[in-house]
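In what follows, a single structure is set out as structure tokens and then discussed.
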Amino acid sequence: MNGTVYITRKLPEEIVEKITNHFHIKMWEEETIPVPREVLLKEIVEVDGLLCLLTDLIDEEVLANAQHLRVICNLAVGYNNIDIEAAARKNIIVTNTPGVLTETTADLTFALLMAAARRVVESSDMLRNGEWGAWSLMQLTGQDVYGATLGIIGLGRIGEALVKRAKGFDMNVLYYNRTRKQEKEQELGIHFREVKELLQQADFVCLLLPYSPAVHHLIGKEELALMKRTGILINTARGGIVDEDALYHALKERQIWAAGLDVFEQEPVPVDHALLSLPNVVTLPHIGSASIQTRMSMANLAADNLVSVLTSGQAITPVDIKK
Ligand code: GLV
Ligand code: GLV
């Protein structure tokens, strides 16, 4: 045995087996309940490797307890739950799961866009509540997706995958990225805009950038005020990018037309959250990557990273601290 590993959630047997072939493991045996902080603080002390979820906050306090930790494998592409600088100071490698969830998350982003534009959830609820009434000319009318302008903020892998879907709908695609990607503009037929212009010109604004404190509330009152009254905001990245209070008011006062949200500042979002009271918001419980195949691919990649680092010192998909 090459050491011990802690897994913060009960994972499918084939994933666990892959790890037990190499290491002694301990696992939090719940599928739907995150490991309590005090348990994590204790378990981290002795282990060489950690396989964790985005629900686990791996901060300085947790890392200070770790005596032997060499690798943290996050079962997600986003890793804002981990203090990567503190990990680097202790020479702990951090890995994530890029690539394997790209298409699945782009699918869900487009699904949310279409659901918000065509009022799919609101319409379904109305039917089930017995409120269909007669077919009427302007009942449940939404916004067109085909031929509209899409603005993507954060042109990473998922953003690029979203462009392919948008092109199938003859959309005009604008993007903003911290570093402009001129070669992608040619290749994908997309146009760079500063955030302000993008917000003014897009019919749909999709947030697909990683969260860091630098983009906290990137979309607030002033930014929402720049959007069209028919504009729709889609967030499948991280809740903290949007000021939810400002979004609530913009939607309530119909400054913008609708929103589709897969992520929230606090997850699970409290059921009495103001945003959940609005008809023009489609809400999902952070399921961007949730297809059976993709979630298994993510778990396999996290496990492979763990085994690779602890046996050979090499990560397959390390997080780049400079990013
Ligand atoms: C999910 O949000 C992920 O970062 O993989
Ligand atoms: C995430 O994988 C991204 O690059 O968008």
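The values are calculated or read from the model by the stated rules, or taken from the named source; none is laboratory data. The structure presented is a predicted model; accordingly, all values stated were derived computationally and were not measured. All Cβ positions, even for glycine, are placed from backbone atoms using ideal geometry, and neighbour counts span all protein chains on display.
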Restricting to the stretch 288-323, name every residue that is away from ligand 2 (no atom under 16 Å from the Cβ) and under 22 Å from L233 (Cβ atoms). none
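How about the stretch 71-86: which of its residues are more than 10 Å from ligand 1 (Cβ to nearest atom) and surrounded by fewer than 24 Cβ atoms within 10 Å (Cβ to Cβ)?
Initial filter on the stretch 71-86 (more than 10 Å from ligand 1 (Cβ to nearest atom)): 71-73, 82-86.
Matches in the stretch 71-86: D83, I84, E85, A86.
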Selection from the stretch 188-215 of residues that are without any contact (Cβ under 8 Å) to a residue 40 or more places away in the chain and either within 16 Å of ligand 2 (Cβ to nearest atom) or part of a strand (DSSP E or B) (or both): L188, I190, H191, F192, V215
Filter result for L137 (more than 16 Å from ligand 1 (Cβ to nearest atom), closer than 15 Å to I158 by Cβ and out of contact with any His (no Cβ under 9 Å at 6 or more places or on another chain)): no
Within the stretch 1-35, restricting attention to residues that are under 18 Å from N305 (Cβ atoms) and acidic (D, E), which residue is nearest to the chain's Cα centre (by Cα)? E14
Taking only pairs six or more apart or across chains, which ones have beta-carbon atoms under 8 Å, a first residue in the stretch 90-103 that is over 14 Å from G288 (Cβ atoms), and a second residue that is among the charged types (D, E, K, R) and near ligand 2 (Cβ under 9 Å from one of its atoms)? G99/R157
Residue list for the stretch 123-154, filter: assigned to a loop (DSSP other than H, G, I, E, B), β-branched (V, I, T) and surrounded by 11 or more Cβ atoms within 10 Å (Cβ to Cβ): V145
Any chance L188 is more than 16 Å from ligand 1 (Cβ to nearest atom), in the same structural domain as I256 (by TED's automatic domain parsing) and touching a His at 6+ places or on another chain (Cβ under 6 Å): no
Taking the stretch 99-122 as the region of interest, how many residues are surrounded by 19 or more Cβ atoms within 10 Å (Cβ to Cβ), within 15 Å of ligand 1 (Cβ to nearest atom) and part of a loop (DSSP other than H, G, I, E, B)? 2
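Mind listing whichever residues of the stretch 155-180 are more than 20 Å from T97 (Cβ to Cβ) and either in a loop (DSSP other than H, G, I, E, B) or among the hydrophobic types (A, V, I, L, M, F, W, C) (or both)? Break it down stepwise before answering.
Initially, the stretch 155-180 is screened for residues more than 20 Å from T97 (Cβ to Cβ), giving 163-180.
Hits for the stretch 155-180 are V163, A166, F169, D170, M171, V173, L174, N177, R178, T179, R180.
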Members of the stretch 191-239 that are closer than 15 Å to N80 by Cα and within 16 Å of ligand 1 (Cβ to nearest atom): L208, L209, P210, Y211, S212, V215, T236, A237, R238, G239
